[in-house]
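The values are calculated or read from the model by the stated rules, or taken from the named source; none is laboratory data. Given the structure is predicted, the values throughout are model-derived calculations rather than measurements. Positions of Cβ are backbone-derived with ideal geometry, glycine not excepted, and every protein chain shown enters the neighbour counts.
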Amino acid sequence: MFMDKRSVSEIIVSCVDKLYNKDKYLFDCKICERCLMFRFAYYLQIKFSNYYVDCEFNKMGFNNYKHETKVETIDQGKILKKMYADIIVHKRNSNIQDNFICLEIKKTKRKMNYDLERLKNMTRINGFRYNNINYIYAYDYGFFIYLPKDKRKFEIRIFENGEESQLE
């Protein structure tokens with residue numbers, strides 16, 4: 001089931017709205033980012049019922065890599081480390097074409113550049129190379145979601161094909 005960027009974005013925004021409206025208490029009491037991430041994933045699961053919505057899922061899950069850990073580069077591509085995307089929407093134990101959405105959630109804008117780079121790598125169709133090995137995740141869409149206490153200041157940035165994109 002293919003969904004265009006606009007339709008996916010509308011669902012993401014509706015889940016953000018639900019989080020702020022139904023879970024205001026979490027913002028008021030300054031709960032940790034992981035708690036917001038879980039609640040947001042819960043709302044996503046309702047909307048994307050044909051997929052699994054997992055938090056910090058770090059396995060590849062396809063072909064000969066079913067139990068391989070996802071990785072990313074840091075330090076300008078010099079070091080390889082384990083990668084944990086905050087939330088992914090996908091088909092478990094499936095092929096790369098079933099990697100649908102990856103999301104990074106932040107309560108503050110500290111260290112957000114790491115998350116933005118992760119979303120670029122996770123949405124690149126051809127992946128990235130490290131030591132002559134191609135790492136390909138090829139998620140259709142990536143979303144960076146900034147969730148401050150004040151809903152009027154929340155932001156969403158969209159990634160597609162390894163680049164930040166805009167809604168047309």
>> Could you tell me how many of the residues in the stretch 103-132 are touching a helix residue (DSSP H, G or I) at 6+ places or on another chain (Cβ under 9 Å) and surrounded by fewer than 21 Cβ atoms within 10 Å (Cβ to Cβ)?
In response: 5
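So for the stretch 51-58 (the condition being modelled with pLDDT under 70 and over 21 Å from Glu10 (Cα atoms)), does at least one residue qualify?
Taking every residue of the stretch 51-58 in turn, at least one turns out to be modelled with pLDDT under 70 and over 21 Å from Glu10 (Cα atoms).
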>> Six or more apart or on different chains, Cβ atoms under 9 Å: show the pairs whose first residue is in the stretch 139-168 and within 15 Å of Ser14 (Cα to Cα) and touching a residue at least 40 places away in the same chain (Cβ under 8 Å) and whose second is assigned to a loop (DSSP other than H, G, I, E, B) and among the β-branched types (Val, Ile, Thr).
In response: Tyr146/Thr108
> Which numbered condition trips up Asn113, out of (1) touching a residue at least 24 places away in the same chain (Cβ under 8 Å); (2) within 30 Å of Cys35 (Cβ to Cβ)?
Replying inline: (1)
> Can Phe100 be described as over 19 Å from Asp17 (Cα atoms), touching a helix residue (DSSP H, G or I) at 6+ places or on another chain (Cβ under 9 Å) and not in a loop (DSSP other than H, G, I, E, B)?
Replying inline: yes
